[in-house]
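The values are calculated or read from the model by the stated rules, or taken from the named source; none is laboratory data. All values derive from a computational prediction rather than experimental measurement. When we count neighbours, we look across all protein chains shown, and the Cβ atoms used for this are built from the backbone with ideal geometry, even at glycine. Please note that ligands, DNA and RNA were not included when accessible areas were found on the heavy atoms of the full protein model with its side chains. Shrake-Rupley method; radii C 1.70, N 1.55, O 1.52, S 1.80 Å.
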Amino acid sequence: FLVVLLATTNAEVIDLQWDVDVDDTFGPSSSAQPVITINNKFPGPLINSTTNDIVRVNRLNSWQDGVSGTNCAIKPGTNWTYAFVVKDQIGTFTYFPSINYQKVAGGFGPIRVNNRIVINVPFAKPEAEFDLLIGDWFVTDYKAIRSRLGASTEVPDMMLINGKAPYGYSTSKPYESVEVTKGKTYRLRISNVGTMLSFNFRIQNHKMVVVETEGSYTNQTTLDSLDVHVGQSYSVLVTADQDDGDYYIVATPKMLNTTDDSPLVAKGVLHYTESGSRVSGPLPTGPDPWDVEFSVNQARSIRWNMTTGAARPNPQGTFNVSNVTLTETIILHGLQADIGGSYHYAVNNISYLTPDTPLKLADYYVNGSGVYRLGEFPIHSVNDEATYGVSVVNATHKGWHEIIFQNDLTLMDSWHLDGYGFYVVGFGDGEWTPGSRNSYNLYDPVVRSTVQVYPGGWTAVYAFLDNPGMWNLRSQHLKRWYLGQELYIRVHDDDPNPAKENPPPENLLLCGEFGEPLSPGGALAPSPGW
């Protein structure tokens, strides 16, 4: 089991015990795919927190980041306690397992970070909130899928809403239903928890107003449908303004041809409390799944609300990028690689090879010696020959970094940076050049932590790296991530002040080169350079 520790600003502590298990009978179909459950739930339980609570993504603490570069794995049959702060954050997020391809089997759940009472939310309080975790799903055991990963693309079997199969898929399996009352407005927190497919979300006969994405309040834009890419989260407001009845909730995959009765079309029901009829009629139509122009234009229209507060009372627009001085530009090409006849993904032709010792441990105790080397990763070019490597970029603490994500492939990609939100300043076709900066939106770019990169195109972000630590930068497409499309950003500050970065937790797991304590007192000593 896993214990998650929460504490309010008044030092109230709430202990949540999580029992993480595998259930062969829990799946949305009759297949043999085992499902990773938490407290016998799939998806896992909601983490409902408020800004500065002790819970998730500690902006001062990469010790708790939960990826292979920062943490030793939690061994089977053991437990470990996470304790981290949602420091200066609000918004909609998710949690999930990060190693061994386990996300294919579930283990994910929703996270809400609510505003403190002293800070106004830029819209009226909704009648209720609903988490919609939507994503592609395989009916085959994840270990079997993992064992045969290769150049061919294995298409998922269905699209789920909150772990449930599409409406009409099976009379013996439940579908997702959201109950509303006529005239009331509701907040839907929509997350793409899938492994490879972007989707377009829509509700029959209802419009939605986008209000938030991954910790940023957005300009309130009314849409008929919304593209959500792998790893992304949004909040939308939906008003029950139609006649009492049942209406389709639909998520259709992007860049894939499907029919309305395909299990790859997620279908749920918006159910009015006074409804006397079942859902009927054709599914609500959406954009052509291959219409990249529609998707790019919609992405460009989602902009930061410059006048509202969020985690802090001062307006979000107080922090703008219109006049920043860039410290460094990092250009990252996500591509396929053949290394000795073995199929992989890579960044700038280096496929990440996970060392036995987490980078964070090596960085703290021996300045990375014997585990990784700084200065070897090419940040502006693609190596001529594909190789394995432990890719670490040494970034300037409190520097403004321009990161260019270049997608050299014909499929969608998503990139995520742990520990930060970045400003999404531009999208474009073809190869990025310095002249591409002329198309940037530097006035009100939205801040988020996961951004899509369109096939054959580029996405540009600005990141202010004020948060010391070892932070994972990766493709959110699980196959690409697992096969090497990732690296780490090392943000170092010589000042040991724990207000900048917490020291290692008392229950720090040791592994790799540090599997046993090194000092007589049973504790490792940090290197003099940290």
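Brief remarks follow.
- Considering residues of region 412-448 that are out of contact with any Lys or Arg (no Cβ under 9 Å at 6 or more places or on another chain) and assigned to a loop (DSSP other than H, G, I, E, B) only, the residue farthest from TYR95 (Cα to Cα): THR433
- Among residues of region 455-466 that are farther than 15 Å from ARG303 by Cβ, those with a Cβ under 8 angstrom from a residue that is part of a strand (DSSP E or B) and hydroxyl-bearing (Ser, Thr, Tyr), sequence gap 6+ or separate chain, pair up as ALA463/TYR423.
- Condition met for ALA299 (surrounded by fewer than 20 Cβ atoms within 10 Å (Cβ to Cβ) and touching a residue at least 60 places away in the same chain (Cβ under 8 Å)): yes
- Residue in region 133-150 that is surrounded by the fewest Cβ atoms within 10 Å (Cβ to Cβ), counting only those that are hydrophobic (A, V, I, L, M, F, W, C) and within 14 Å of LEU478 (Cα to Cα): LEU149
- Within region 370-385, the set of residues being acidic (Asp, Glu) and free of Cβ contacts under 8 Å to residues at least 24 places away in the same chain comprises GLU376 only.
- Those strands (runs of 3 or more DSSP E) of region 110-210 in which at least 1 residues are among the aromatic types (Phe, Trp, Tyr) and free of Cβ contacts under 8 Å to residues at least 60 places away in the same chain, considering only elements entirely within it, cover 128-137.
- Search result, residues across region 358-388 that are within 27 Å of GLU501 (Cα to Cα), over 22 Å from the mean Cα position of the chain (by Cα) and outside any loop (DSSP other than H, G, I, E, B): LEU361, ALA362, ASP363, TYR364, TYR365, VAL366
- Residue within region 264-286 that is of a type in the set (Ser, Thr, Tyr) and within 23 Å of the chain's Cα centre (by Cα) present: no
- Tally, over region 428-454, of residues that are in contact (Cβ under 8 Å) with a residue 40 or more places away in the chain and closer than 27 Å to TYR217 by Cβ: 14
- Considering the conditions (1) at pLDDT 90 or above; (2) under 25 Å from GLN102 (Cα atoms), ALA460 is excluded by exactly one of them, (2).
- Some residue of region 459-478 being more than 19 Å from ALA395 (Cβ to Cβ) and open to solvent by 30 Å² or more (accessible area, probe 1.4 Å): no
- Count of residues meeting criterion [part of a loop (DSSP other than H, G, I, E, B), within 12 Å of the chain's Cα centre (by Cα) and not small (Gly, Ala, Ser)] in region 211-243: 4
- Output for region 312-339, where each listed residue is at pLDDT below 90 and under 23 Å from TRP415 (Cβ atoms): GLN316, PHE319, ASN320
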